[in-house]
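Below is one structure, written out as structure tokens; the observations come after it.
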Amino acid sequence: MSLKPTVSITDHAIGRTDAEIVIVEYGDYQCPYCGAAYPVLKEIVNKYGKEIKFVFRNFPLSEMHQYARPAALAAEAAALQGKFWEMHDAIYENQQYLNENLLFELAKKLKLDLNKFKTDINKPELAEKVDSDFESGVMSGVNGTPSLFVNDRKFDRGAEDLLQQLSEIFK
């Protein structure tokens, strides 16, 4: 399967903007497998961030994970204050405590403007961004999380395998 649509400026990306290797993760903030992949993906970004571009797209599995969508909206609200990646990391690092109160506590810890955060989290355009990410995942053949794509192609193995492959490439 290939990535639809391809990475654009509307995506949350970290790393090198003109990288030859672009990794996209479709993730759910409450998914235990995403939680397990998070430190490995973080290591990939830390080790190879000057060589690769890493993109995160929301794929909240709301039927199974009641806080996945609120967490995605919280990350998008944090993005409006320039702190998407900080909130993304904070949610995964506190995944076992995830609930709506935690999201506001994290916003406070990240020194976000809390009034703006509380207003932003309910904005229809943030819900549209999460829905748009989700729909792009469905069109790209995502059927579980985490789902990884490398250069627009589905990567059918795990984050550990990806780390291993990158270590071969960037010897």
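A few comments on the model shown:
- Residue match in region 130-140 (condition: at pLDDT below 95, β-branched (V, I, T) and surrounded by fewer than 14 Cβ atoms within 10 Å (Cβ to Cβ)): no
- Residue list for region 129-145, filter: under 23 Å from A74 (Cα atoms), part of a helix (DSSP H, G or I) and either polar (S, T, N, Q) or in contact with a Lys or Arg (Cβ under 9 Å, 6 or more places away or on another chain) (or both): V130, S132, D133, F134, S136, G137
- Qualifying residue in region 63-83 (condition: surrounded by fewer than 16 Cβ atoms within 10 Å (Cβ to Cβ) and hydrophobic (A, V, I, L, M, F, W, C)): yes
- Of the numbered criteria (1) under 18 Å from A36 (Cβ atoms); (2) in contact with a His (Cβ under 9 Å, 6 or more places away or on another chain); (3) assigned to a strand (DSSP E or B), the one L148 fails is (2).
- Only listed residue being out of contact with any Cys (no Cβ under 8 Å at 6 or more places or on another chain), in a helix (DSSP H, G or I) and under 19 Å from V40 (Cβ atoms), chosen from L106, L126, L166, L73: L166
- Test for F134: is it in contact with a strand residue (DSSP E or B) (Cβ under 9 Å, 6 or more places away or on another chain), of a type in the set (F, W, Y) and closer than 18 Å to Y29 by Cβ: yes
- Among all residues of region 18-27, there is none that is at pLDDT 95 or above, among the aromatic types (F, W, Y), assigned to a helix (DSSP H, G or I) and open to solvent by less than 50 Å² (accessible area, probe 1.4 Å).
- Residues (open to solvent by 80 Å² or more (accessible area, probe 1.4 Å), on the phi < 0 side of the Ramachandran plot and modelled with pLDDT of 95 or more) located in region 87-112: E93, Q96, Y97, N101, E105, K108, K109
The values are calculated or read from the model by the stated rules, or taken from the named source; none is laboratory data. If you're wondering where the values come from, they're calculated on a predicted model, not measured in any experiment. Cβ coordinates were reconstructed from backbone atoms using ideal geometry, including for glycine residues, and neighbour counts include every protein chain displayed. Calculation scope for accessible area: heavy atoms of the full protein, side chains included, ligands and nucleic acids excluded. Shrake-Rupley method; radii C 1.70, N 1.55, O 1.52, S 1.80 Å.
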